[in-house]
1. Tally up the residues in region 19-70 that are of a type outside the set (A, V, I, L, M), in contact with a Ser or Thr (Cβ under 8 Å, 6 or more places away or on another chain) and either open to solvent by 60 Å² or more (accessible area, probe 1.4 Å) or in contact (Cβ under 8 Å) with a residue 60 or more places away in the chain (or both), please.
2. What number of residues within region 11-29 are at pLDDT below 75 and either polar (S, T, N, Q) or part of a helix (DSSP H, G or I) (or both)?
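The values are calculated or read from the model by the stated rules, or taken from the named source; none is laboratory data. Quick caveat, the model's predicted, so the values are computed rather than measured. Backbone-built Cβ (ideal geometry, glycine too); neighbour counts: all protein chains shown. The area values use the complete protein model at the heavy-atom level, side chains included, leaving out ligands, DNA and RNA. Shrake-Rupley method; radii C 1.70, N 1.55, O 1.52, S 1.80 Å.
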Amino acid sequence: MSRPVAYRAANPRAEIGPLDWYVGVHAVRILSELAVWQREHDPRSNSHPWRLLAPAATVLLTRATGITTAAR
């Protein structure tokens, strides 16, 4: 069940539009932390679980903002 469907099932009158903004904020955090770690040659850039989330974070950030991004 996708996020909007699940929220609508729980409360049909819930305003879920702002959730995309919060998802975008978390995507920015994931991508920016990884970028800093990569720039500083921090070992976390290769081993942190956010590395696995980066592709999904780019999709979610694009969905939330309309701006195309790319994970490295």
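1. Initially, region 19-70 is screened for residues of a type outside the set (A, V, I, L, M), giving 20-22, 24, 26, 29, 32-33, 37-51, 55, 58, 62-63, 65-66, 68-69.
Restricting the remaining residues to those that are in contact with a Ser or Thr (Cβ under 8 Å, 6 or more places away or on another chain) gives 24, 37-38, 51, 58, 62, 68-69.
Checking the rest, the ones that are also either open to solvent by 60 Å² or more (accessible area, probe 1.4 Å) or in contact (Cβ under 8 Å) with a residue 60 or more places away in the chain (or both) come to 51, 68.
Qualifying residue count, region 19-70: 2.
2. Of the residues in region 11-29, 1 are at pLDDT below 75 and either polar (S, T, N, Q) or part of a helix (DSSP H, G or I) (or both).
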